[in-house]
Amino acid sequence: MPTKSRGHILVEVLLAMSLFVIIATGILGGFISARDGKVSQKQNLAAKGYLDQAVEALRSVRERDWALVSANGIYHPNLNGSTWELLPNQGPEINGFRTQIVIADVLRNSTDPFGDVAPAGDIIDPASKKAIITVSWGLLPNQSISSIQYLS
């Protein structure tokens, strides 16, 4: 009878260890996920600040002179004294974040040239521009936020 009891205890110990490993893995995964989520949230919040800054810079440049936003290309905002300007190419890395503004033509359908914007339209609207503002960080492609602004 003592042999049977020892085997029974061994099975119980193995079962207890298995349950502990399963529960510990779940708890540890939850802690890691919560920690990474907080870091990601901070990065998204900082990127949103840079995105808002770029939108304001674009609005400021457009209000100062339409000709400054009428040329298609890739730009980045730069504060020169108290005036915003758009410089060519993607911006330098600031605190781990890069800002890029892509200015492109707005297309409309020939059937309704003053109607809605059409991605596959055949008429270029000379009085409007599309600006895609992207703030990126890190190495992964999903570490970025974007906003589309239409200027007229």
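The values are calculated or read from the model by the stated rules, or taken from the named source; none is laboratory data. Just so it is clear, the model here is predicted, and its values are computed rather than measured. No Cβ is skipped: glycine too gets one built from the backbone with ideal geometry, and neighbour counts run over all protein chains shown. Heads up: the accessible areas ignore ligands, DNA and RNA and are worked out on the full protein's heavy atoms, side chains in. Shrake-Rupley method; radii C 1.70, N 1.55, O 1.52, S 1.80 Å.
Within the option set Ser128, Ser110, being in contact with a Gly (Cβ under 8 Å, 6 or more places away or on another chain), free of Cβ contacts under 8 Å to residues at least 40 places away in the same chain and of a type in the set (Ser, Thr, Tyr) holds for one residue only, Ser110. Inspect all residues belonging to segment 69-90 and state whether any of them is of a type in the set (Gly, Ala, Ser), in contact (Cβ under 8 Å) with a residue 40 or more places away in the chain and closer than 19 Å to Gln143 by Cβ. No, that holds for no residue.
Looking at Ser128, Ser40, Ser33, Ser82, just one residue is among the hydroxyl-bearing types (Ser, Thr, Tyr) and within 16 Å of Gln149 (Cα to Cα), and that residue is Ser128.
Condition first: over 22 Å from the mean Cα position of the chain (by Cα) and of a type in the set (D, E, K, R). Can you find one or more residues in segment 80-98 that meet it? So far as segment 80-98 goes, yes, one or more of its residues are over 22 Å from the mean Cα position of the chain (by Cα) and of a type in the set (D, E, K, R).
Among the residues of segment 46-78, what is the count of those that are aliphatic (A, V, I, L, M) and either over 22 Å from the mean Cα position of the chain (by Cα) or modelled with pLDDT under 90 (or both)? Residues that pass the stated criteria total 5. Hey, could you check segment 130-148 for residues that are at pLDDT below 90 and out of contact with any helix residue (DSSP H, G or I) (no Cβ under 9 Å at 6 or more places or on another chain) and say which is nearest to Gly96 (Cα to Cα)? For segment 130-148, the residue satisfying everything is Leu139.
Across segment 109-152, what is the number of residues that are assigned to a loop (DSSP other than H, G, I, E, B), open to solvent by 70 Å² or more (accessible area, probe 1.4 Å) and in contact with a Leu (Cβ under 9 Å, 6 or more places away or on another chain)?
Residues in segment 109-152 being assigned to a loop (DSSP other than H, G, I, E, B), open to solvent by 70 Å² or more (accessible area, probe 1.4 Å) and in contact with a Leu (Cβ under 9 Å, 6 or more places away or on another chain): 3 in total.
Answer with yes or no whether Leu51 is under 14 Å from Ser144 (Cα atoms) and among the hydrophobic types (A, V, I, L, M, F, W, C). When the stated conditions are applied, Leu51 passes them.
Apart from one condition, Leu79 fits all of (1) in a helix (DSSP H, G or I); (2) surrounded by 10 or more Cβ atoms within 10 Å (Cβ to Cβ); the exception is (1).
Within segment 115-149, being of a type in the set (A, V, I, L, M, F, W, C) and closer than 15 Å to Gly91 by Cβ holds for Ala131, Ile132, Ile133, Val135, Trp137, Ile145.
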